[in-house]
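Below is one structure, written out as structure tokens; the observations come after it.
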């Protein structure tokens, strides 16, 4: 009877040991899956952040191009005005020189 009791205790201990091993294996698998998920999430977030940065960069570049185009247009208008004033002054000067040379 004592040996039966010992055998039952040993069997229960073996079952408990096996259950513990299975639980440890499952825990390790859960940890591995959690690490993989965290890595995938991090990579996805980095990809999204990179895409957002590219979009912001493109928007900033577009805005800078618009500002430069507006400045160039304004500059061109100012230059044309300066040229027109210069031509008018040159015409006045030419007219004055001609009047001085050839009295009317």
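Every number here is computed from the coordinates shown, using simple stated rules; none is lab data. Note that the structure is a prediction, hence the values are computed from the model and not measured.
What the table shows:
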| item | result |
| --- | --- |
| Mean shadow area of the stretch 8-63, taken as a quarter of the surface of its Cα convex hull (nm²) | 3.4 nm² |
| Cα long-axis angle, helix 2-101 against the chain (0 to 90 degrees, to the nearest 10) | 0 degrees |
| The chain: calculated mean residue ellipticity at 222 nm from DSSP helix runs of at least 4, using -39500 (n - 2.57) | -37000 deg cm²/dmol |
| Rule-of-thumb Rg ratio for the chain [Cα; 2.2 N^0.38 Å; N residues] | 3.44 |
